[in-house]
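Here's the structure, in C-alpha cells; my notes come after.
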Amino acid sequence: MAHPQDATAPQLSNDLDVASAATREYLRRTHDLLIGGESVSSNGDGRLTVLDPSSGAEVATAADGTADDIDRAVRSARSALDEGDWKSLRPDERERLMLKLADLIEDQADVIAEIEAIESGRKVGDTRVVDAEFSAHILRYMAGWPSKIHGETLPASVPYMPGANFLTYTVREPIGVVGAITPWNVPMCIATWKVAPALAAGCTVVLKPAELTPLTALMLGELALEAGFPPGVLNVVTGGGPVAGEALVTHPGVDKISFTGSTAVGRRIGEIAGGLLKPVTLELGGKSPVVIMADADLEQAIPAAAWAIFANQGQNCCAGSRLYVEQSVFDEVVDGVVEIARSIRLGPSLDSRAEMGPLVSRAQQDRVDSLVRQGVSEGAEVRVGGSKPDHPGFYFEPTVLTDIQRDMCVVREEIFGPVLVAQPFRDLKEAVALANDHDYGLGASVFTRDLDVAHAFSRAVDAGSIWVNVHNVLDVGVPFSGFKQSGVGTDLGKESVLANTRLKANYLSLKSGLG
C-alpha cells in the first residue's frame, strides 16, 4: 500500500482547482436554510464548518439550525400540505415534478459528485455513480408510484345488522409531514431515498442532513424548487443532531420520522417517537458477515470480500466487516485480501488515481484507531494496516485482523472504517451460527457454487438482505430493511412509499334495496 510518506504516494489533499468552476462557486456561497421555498438565515448565530477530510481544511460553512428554525420549517411543510398547491396536484402532476427533478440532478451530476466528494471524502467516481446517477434513478422509480397508490373494496358482512347493505372500501392518504434525518456516509443518495417516497405519497418533508455533510441536501432542495415543486413541500434545515434533530423528532407537527444512522441515536428516536405514538422508519447499524465456502470461486470471492469492507472506507452500514472462511481455504482467502489491502492507493476524493479516500472526520478516524488498538490489546493480530498515517487528512490504512474471539470489541462494535476481522469455520452450521452471533441483522453474504448451501444460508441467517456470490447490492425497487438492532421499517421498494401513507376505512350504507 502506498503510504503518505512514500515517494510514490499521491498528494493526500484535494486540489480544488481541478474541480469545476461551478463547484468552486457553490462552495463560496453563503449556505443558509431552505424554508418555504426561500433561502433564509437561521434564528441562531452559529455556523457549521464543512471540512475537506482529505486535508482537514475548511471549504464552506452552513447555517447551524435551531429549534425555532425547525418550527418554521414544519409550519411551512404543514401549510403546503393542508393549504397550498401541493394538496390539489393530481398524481400525474406529482410524477412529472419528480421526473423533472431527476433530470435536473442528472444535468448537475458533475457538480453534485464533486461537492459530495469534497465534503464527505468519498471518491468522486463513486459519488457520481451513487449520489448523482442513482439518486436520479431513485426519483424516476418513485415517480411511477403516485398513480398506483390505492385502496381496496372489501365485502362487509356486519352480521349484527341484519338486512344492512354496505359499500366498504379503503383509501390511502399521505401520512402528513415527514421529518427525514440523514447520515454523512452517503448523503445525497440516502436523502433522496428518504424524500422521494414521501413526495410520491403526497407528503411534505423537512430534511435534516448530517452536520458534517450539509451541502448536497441544500442542493437537492434548490433543484426541487427549480423543478417546480411548490414552496414548503421540501424544506432543508442544516444543524446538529442534539438541537435541530431532536427538535424535529419531538415536534408535534411532524407525523412521521425517517432516520438513517447509528443504532444509539435510532434507539433515542424510537424512545421519543414511542412516547408520542409517532411512526418511524429506522435504518440503523450493521456488522455484516461475509461467508466464503471452500467450493466458492475464490478469484471472485477474494476481491469481493476485500471491497465489501474497503469500499467507501468501510463507512457503510452494510460493510462486510466480519469475514468467515471455511477452514481449508482460510489462509488462501486471508492472504488474498491482505494482498489487495496492501495494494490500495490512498488519495483525496478528486484524485482519479485514488482507490480509497479518508474517513469523514478526525473524530471518526480517532474512533477507528482506538477500536483497532483495543482489539490488538485483546489479542487480535494485525495482518495489514492497523494505523492512521501521519497526515492532516483523516486517513486510516486498510486493515485486516485475525486471531479474533467473539467477545472482542472489533467483533462486537460497528467500527465504520476499513477494518476487517477474519475467522475460520468448520462447516455450514458453524458458519450460520457465527453469522447470526450478533445484535445486528442488516445484511449478509455467502460465496458458494452450491445452490443448496445458498438457499440454506438464506433461510437460516437473520438479516434483511441476503446476497449470494456478491455483497451489498441494492436496488430502488427492492425493499431494504434491518432485523434485530439494525432497524425498524423499510426503505426503498413499494413498501417505502406505503410507509408514508395512512389507511382509512369507509362504510357507505346503501338504502336503495337493490342489493
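The values are calculated or read from the model by the stated rules, or taken from the named source; none is laboratory data. Owing to the predicted nature of the structure, the values given are computational and were not obtained by experimental measurement. Glycine gets a Cβ as well: all are built from the backbone with ideal geometry, and neighbour counts include every protein chain shown.
Worth pointing out:
- H137 under 16 Å from the mean Cα position of the chain (by Cα), closer than 22 Å to D92 by Cβ and at pLDDT 95 or above: yes
- The set of residues in the range 385-402 being in contact (Cβ under 8 Å) with a residue 24 or more places away in the chain and assigned to a loop (DSSP other than H, G, I, E, B) consists of G385, P389, D390, H391, P392, G393, F394, Y395, F396, E397, P398.
- Extreme residue, surrounded by the fewest Cβ atoms within 10 Å (Cβ to Cβ), among residues of the range 474-515 that are closer than 25 Å to K194 by Cβ and among the basic types (K, R): K504
- Of the listed requirements (1) in a helix (DSSP H, G or I); (2) surrounded by 22 or more Cβ atoms within 10 Å (Cβ to Cβ), S147 misses just one: (2).
- Selected residue (criterion: nearest to L51 (Cα to Cα)) from residues of the range 369-390 that are touching a Pro at 6+ places or on another chain (Cβ under 8 Å) and modelled with pLDDT of 95 or more: G385
- Qualifying helices (runs of 4 or more DSSP H) (wholly inside the range 211-308; at least 3 residues being surrounded by 23 or more Cβ atoms within 10 Å (Cβ to Cβ) and not acidic (D, E)): 215-227, 246-250
- Selected residue (only one of H471, H438 is touching a Ser or Thr at 6+ places or on another chain (Cβ under 6 Å) and buried (at least 20 other Cβ atoms within 10 Å of the Cβ)): H471
- Selected residue [part of a strand (DSSP E or B) and closer than 30 Å to F425 by Cα] from V372, V368, V376, V382: V382
- Taking the range 266-300 as the range and being of a type outside the set (S, T, N, Q) and closer than 22 Å to S328 by Cα as the test, the residues that pass are P289, V290, V291, I292, M293, A294, D295, A296, D297, L298, E299.
- Here the condition is being modelled with pLDDT under 95, among the small types (G, A, S) and either more than 23 Å from E355 (Cβ to Cβ) or surrounded by 15 or more Cβ atoms within 10 Å (Cβ to Cβ) (or both); of G443, G417, G393, it holds for G393 alone.
- Any hit, the range 362-384, residues being of a type in the set (G, A, S) and in contact (Cβ under 8 Å) with a residue 60 or more places away in the chain: no
- Qualifying residue in the range 347-364 (condition: touching a strand residue (DSSP E or B) at 6+ places or on another chain (Cβ under 7 Å), crowded, with 23+ Cβ neighbours inside 10 Å, polar (S, T, N, Q) and at pLDDT 95 or above): no
- Residue ranges of helices (runs of 4 or more DSSP H) in the range 77-136 with at least 2 members buried (at least 22 other Cβ atoms within 10 Å of the Cβ) and touching an Asp or Glu at 6+ places or on another chain (Cβ under 9 Å): 91-107, 109-120, 124-127
- Unmet requirement for L277, which otherwise passes all of (1) in the same structural domain as S79 (by TED's automatic domain parsing); (2) in contact with a helix residue (DSSP H, G or I) (Cβ under 9 Å, 6 or more places away or on another chain): (2)
- Applying the set (1) outside any strand (DSSP E or B); (2) touching a Ser or Thr at 6+ places or on another chain (Cβ under 7 Å) to A62 leaves exactly one unmet item: (1).
- Of all the criteria given as (1) within 27 Å of D437 (Cβ to Cβ); (2) over 19 Å from the mean Cα position of the chain (by Cα); (3) not assigned by TED's automatic domain parsing to the domain that holds R426, the one not satisfied by M293 is (3).
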